[in-house]
Amino acid sequence: MLLLNKSLAKVVTSISLLVGLAACSTVPENLRVADNVRLVNYDQANKQAQAVVGEQARWGGVIVAVKNLPKQTMLELVHYDAYSSSKPKVTDKSKGRFRVYVEQFLEPGIYKSGRLVSALGTISKPEQGKVGDYEISYPVLKQAQVYIWPEAKETDNRADLWRDPFWPYSSRWYWQRYHYLHPYYIPVDKRKRTRTKKSSTRD
């Protein structure tokens, strides 16, 4: 019984390690941090901006503006909460905007409005700006590493048909065509049919 418990404990430990590794591997490589690194969330940086300057943060959002500066690029993003992979969860609700400074040229044709981006950087002093006539305070990440998420592409569902072992018999198209080409046969009593013919002849 003792050996069984030890074996079970080893299995549970191995599974836990595998799950942990899988969770880490979903985060893009350039956005990963050590387990002991504390990451400041967006809410905290927005409310206690001065207190968290110099700490690291990893946020995600959707690009709304790009500005190429002499030695760096500034991205302005609408913030969204993120999945465990750090990919932004785009919804109809946002907590605000933030700015990211990357110390290299980013092609505005790629890093364009509407693209999903996650960023890891050092929190700097907030910057003031306007959206229209509305003044807002931007939390800022500097010396940032960014990851632009691939755009979703439409998939050809016809490719999945070959994975269905019952195709084409599981296809609605097949049965619709089958019944069109092979209508239901309704048996008729021959004697009744003969009587009907005779009565029509008499008339």
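The values are calculated or read from the model by the stated rules, or taken from the named source; none is laboratory data. Quantities reported herein were computed from a predicted structural model and do not represent experimental measurements. Cβ placement follows ideal geometry from the backbone for every residue including glycine, while neighbour counts extend to all protein chains displayed.
Which of the following residues is in a strand (DSSP E or B), surrounded by fewer than 17 Cβ atoms within 10 Å (Cβ to Cβ) and touching a residue at least 40 places away in the same chain (Cβ under 8 Å): Ile136, Ile123? Step by step, each of Ile136, Ile123 is checked, and only Ile136 is in a strand (DSSP E or B), surrounded by fewer than 17 Cβ atoms within 10 Å (Cβ to Cβ) and touching a residue at least 40 places away in the same chain (Cβ under 8 Å). Entry remark, the stretch 87-120: residues being surrounded by 12 or more Cβ atoms within 10 Å (Cβ to Cβ), of a type in the set (Lys, Arg) and at pLDDT below 95 number 1 in total.
Is it the case that some residue within the stretch 101-108 is in contact (Cβ under 8 Å) with a residue 60 or more places away in the chain and assigned to a strand (DSSP E or B)? No, the stretch 101-108 has no match at all. Just one of the listed residues (Tyr111, Tyr42, Tyr101) is within 18 Å of the chain's Cα centre (by Cα) and among the aromatic types (Phe, Trp, Tyr), namely Tyr111.
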